[in-house]
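The structure under discussion appears below in the form of structure tokens.
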Amino acid sequence: MPKSSKISIVVESIFCRIEERVNSNGSKQFTDEEILTLHSVFGATLQRAFEILEKYPTLETYSNCNNGRVLVEIKGENDRCYRVFPRINFCPCLAFKHQVIEKKSQLMCKHVLAARIAMILDRIVDHKVTQDQYLMLLRSMFEEQNG
Ligand SMILES: [Zn+2]
């Protein structure tokens, strides 16, 4: 098994544990221990993800009425916005391309991390969209990459 996929299994299990804890006691906040754990895994990226969530306390999500798939929208600098899938480690941003894919110096970019945190802490405003609207959002996610 390649190293990168092993790491993501560990990361996924950390998120799942936190998610279970949040759902079981209803406190929509990370404990100090959880923040330390996440920080040891993500370092500065965690800080940047928290900065996004400070600026935008709730994130918009778009869920497909037909199959329940969800896209999370994160506003970036210069009025750009990034759309990511809550449980898939992919983002069209440059940091993801350079630091996650090429250099492998980060496990996730701040957008994917912020999206995951917002989902876990229920800091989202969901919009139901049709299949066509969902596909349009999905397509624009890849078009913006080149723009
Ligand atoms: Zn990103």
Which of these, Asn67, Asn78, Asn25, has the largest mean-square fluctuation under a Gaussian network model of the chain (Cα springs below 10 Å)?
-> Asn78
With Cα springs under 10 Å, the Gaussian network model of the chain assigns the largest mean-square fluctuation among Met136, Met119, Met108 to Met136
In region 38-134, with Lys and Arg counted as +1 and Asp and Glu as -1 at Cβ, which of these residues, Cys65, Met119, Ser40, has the Cα nearest the positive end of the dipole, that is, farthest along it?
-> Ser40
Return the ratio Rg/(2.2 N^0.38 Å) for region 1-85, where Rg is computed over Cα atoms only.
-> 1.26
Please label the shape of region 41-130 as rounded, prolate or oblate, based on the square roots a ≥ b ≥ c of the eigenvalues of the alpha-carbon gyration tensor (a/c under 1.5 means rounded; beyond that, a/b larger than b/c means prolate, else oblate).
-> prolate
Which helices, taking whole DSSP H runs in the chain, have alpha carbons extending 20 angstrom or more along the helix axis plus mean Kyte-Doolittle at least -0.5?
-> 3-25
Are there trypsin sites (Lys or Arg not before Pro) in region 71-147 that DSSP puts in a loop and that have at most 16 other Cβ atoms within 10 Å, and which ones?
-> Arg80, Arg87, Lys103, Lys104, Arg123
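For the chain, what is the percent of antiparallel DSSP beta bridges, rounded to the nearest 5? If you can, show how the numbers build up before the last one.
Values: 8 of 14 bridges.
The answer is about 55 percent antiparallel.
Coordinate-derived values only; no laboratory data. All of these numbers come straight from a predicted model, not from anything done at the bench. Please note: Cβ atoms are built from the backbone with ideal geometry, for glycine as well, and neighbour counts cover all protein chains shown.
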